[in-house]
1. Note down all Cβ pairs under 9 Å where the first residue falls in the range 99-123 and is within 17 Å of residue 153 (Cβ to Cβ), the second is surrounded by 23 or more Cβ atoms within 10 Å (Cβ to Cβ) and modelled with pLDDT under 95, and they're at least six residues apart or on different chains.
2. Assess whether residue 219 counts as being surrounded by 15 or more Cβ atoms within 10 Å (Cβ to Cβ) and either assigned to a loop (DSSP other than H, G, I, E, B) or not assigned by TED's automatic domain parsing to the domain that holds residue 149 (or both).
3. State yes or no: is residue 225 touching a residue at least 12 places away in the same chain (Cβ under 8 Å) and in a helix (DSSP H, G or I)?
4. Quick check, is residue 94 over 24 Å from residue 214 (Cα atoms), part of a loop (DSSP other than H, G, I, E, B), touching a residue at least 60 places away in the same chain (Cβ under 8 Å) and not assigned by TED's automatic domain parsing to the domain that holds residue 218?
5. Tally up the residues in the range 184-224 that are modelled with pLDDT under 95 and touching a strand residue (DSSP E or B) at 6+ places or on another chain (Cβ under 7 Å), please.
6. Could you tell me how many of the residues in the range 146-178 are over 20 Å from residue 103 (Cα atoms) and either outside any loop (DSSP other than H, G, I, E, B) or at pLDDT below 95 (or both)?
């Protein structure tokens with residue numbers, strides 16, 4: 001049926017115009033729905049990058065402050081001692097940087113010392129009398145994750161710990177993810193690396209750098225947030241400086257024992 005105004009003018013054009021406006025709104029909404037996740041991921045990546053830069057800068061300031069209390073020779077000795085004991089230190093150059101601090105924290109965890117990450121002469125004295133940590137199993141090459149001490153060991157075919165890092169695992173607290181309540185649990189057991197992502201993955205729970213998945217959605221991955229105690233949603237977080245190197249060291253099929 002054709003509608004006309006009192007003046008006899010055909011107003012079908014107004015109906016067409018209304019339909020076009022409605023279609024344009026529908027297309028705009030659909031376009032928005034398709035890109036909302038991309039926008040969220042980009043914003044999240046930017047926020048995480050800014051937080052990471054803040055952490056790096058603060059760690060450098062802390063490192064310089066601690067190094068100001070010790071001589072460069074003492075800091076170099078500490079790094080040499082930690083590296084000799086199997087701790088993953090990064091460059092051994094007499095500069096107490098983020099990698100050095102993570103190595104020290106791992107040492108403090110293994111030795112049952114206060115998990116401060118602060119280098120002092122007392123810590124250096126403790127390093128001088130310490131022994132290289134032993135893995136639980138010395139019979140084959142694998143990776144061990146000690147949940148009680150919050151450390152991870154890379155063990156070679158001779159049963160020697162070649163790399164030792166601090167980790168941050170599930171805190172067993174409840175959390176909500178996309179409307180589902182879950183428990184932040186890191187499972188114990190014998191697993192293998194099943195798949196890997198070469199680079200960054202953005203998930204609903206945050207960013208995973210060079211993740212190596214061992215069971216379901218649980219992965220060993222780099223993170224700028226390595227607390228001294230369990231604080232993850234279940235994944236095994238490792239320091240950022242070691243994320244890519246660990247990813248390269250552990251091909252699919254690598255055995256990972258979590259206890």
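The values are calculated or read from the model by the stated rules, or taken from the named source; none is laboratory data. Keep in mind that this is a model prediction, so the values were computed, not measured. Reconstructed Cβ throughout: ideal geometry from the backbone, glycine too, with neighbour counts over all protein chains shown.
1. The qualifying pairs do not exist here.
2. Spelling it out, it is not the case that residue 219 is surrounded by 15 or more Cβ atoms within 10 Å (Cβ to Cβ) and either assigned to a loop (DSSP other than H, G, I, E, B) or not assigned by TED's automatic domain parsing to the domain that holds residue 149 (or both).
3. no
4. no
5. Number satisfying all stated conditions: 2.
6. Matching residues across the range 146-178 total 6.
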